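Take a look at the structure below.
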Amino acid sequence: SYNRVERLLKRGASEHICPNGVDMNRIAPYRTTINDVKVGVTACRLIKRKNLQPLIKAMQYVDLHLQIVGDGPQREPLEALTERYGLSDSVEFFGYLEDRADVYAAMAEADVFVLPSHAEGFGVSVAEAMAIGLPPIVSDIPVFHEVVGDAGVFVKHHAPKDIADGIRQLQDDPELTRRLSQEARRRIETNFTLSQTAHSYADAYEQITDGQSPKRRT
């Protein structure tokens, strides 16, 4: 998800990729229980890059209550879009929740996490939702494949009907939903904990102080 200038500047440079991590101890009290996929949640800053317009439009095609956690310059346009499409009963804006525990609590009340960003550096809220056990439905972009792996559903992020199809896929297949919920949490525990992040940074610093170029790695 580098922008054009960053891609030019880093051309030929060595890289050491340190992934973000989830505080599993802090998130441990929050765990979703999925019976039916009736409530969806997304948590992000409401900016254009998060691409929530197609997600809101997708609510025309599915029976799902969408909860949007976060605030930002796109909130008023998104609220206006919700009213224009007659979706006020299906889309709820929670606004900014200062305490991260409140974000986790909101996630734990949902059945699926959806984020159709058209670019991301990592996607911390996706990883946190996965740690809570939410199956993620996300954009078909490289960084989400790196984070989500086989534990989620990938959709065309500019196509409301494709997003709706991704939601419906889980609604129609409870066994798949339960499996992805388990795999999502397991993937974060295995690959994206704070301890692993710290070790990755320590490794990078050690290589630099030893006069070595950090190896390209994930």
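The values are calculated or read from the model by the stated rules, or taken from the named source; none is laboratory data. This structure is a prediction, so every number in the text was calculated from the model and none was measured. Virtual Cβ from ideal backbone geometry, glycine too; neighbours counted across all protein chains shown. Side chains are part of the model used for accessible areas, which takes the heavy atoms of the whole protein and leaves out ligands, DNA and RNA. Shrake-Rupley method; radii C 1.70, N 1.55, O 1.52, S 1.80 Å.
Residues of the range 2-11 being part of a loop (DSSP other than H, G, I, E, B) and either open to solvent by 90 Å² or more (accessible area, probe 1.4 Å) or at pLDDT 75 or above (or both), which ones?
Y2, K10, R11
Within the range 99-218, considering only helices (runs of 4 or more DSSP H) that don't extend past its boundaries, which have at least 3 residues that are of a type in the set (D, E, K, R), more than 17 Å from R31 (Cα to Cα) and modelled with pLDDT of 95 or more?
Counting at least 3 such residues, we get 160-171.
Among the numbered criteria (1) within 24 Å of V103 (Cα to Cα); (2) crowded, with 16+ Cβ neighbours inside 10 Å, which one does H16 miss?
(1)
Suppose we filter S195, S200, S181 for residues that are open to solvent by less than 50 Å² (accessible area, probe 1.4 Å), touching a Gly at 6+ places or on another chain (Cβ under 8 Å), farther than 13 Å from V114 by Cβ and small (G, A, S); which single one remains? Walk me through it before giving the result.
Working: S195 fails: open to solvent by less than 50 Å² (accessible area, probe 1.4 Å); S200 fails: touching a Gly at 6+ places or on another chain (Cβ under 8 Å).
It is S181.
Could you please tell me which pairs satisfy a Cβ distance under 6 Å, a separation of 6+ or placement on different chains, a first residue in the range 20-31 that is in a loop (DSSP other than H, G, I, E, B), and a second residue that is open to solvent by 70 Å² or more (accessible area, probe 1.4 Å)?
G21/L194; D23/L194
Within the range 46-101, count every residue that is out of contact with any strand residue (DSSP E or B) (no Cβ under 9 Å at 6 or more places or on another chain), under 22 Å from E128 (Cα atoms) and open to solvent by less than 60 Å² (accessible area, probe 1.4 Å).
Qualifying residue count for the region: 3.
If we scan the range 125-135, do we find a residue that is open to solvent by 50 Å² or more (accessible area, probe 1.4 Å) and under 22 Å from G21 (Cα atoms)?
no
If only one of T33, T42 is loosely packed, with under 12 Cβ neighbours inside 10 Å and β-branched (V, I, T), which one is it? Quick ask: steps written out before the conclusion?
Working: T42 fails: loosely packed, with under 12 Cβ neighbours inside 10 Å.
Checking each option against the conditions leaves just T33.
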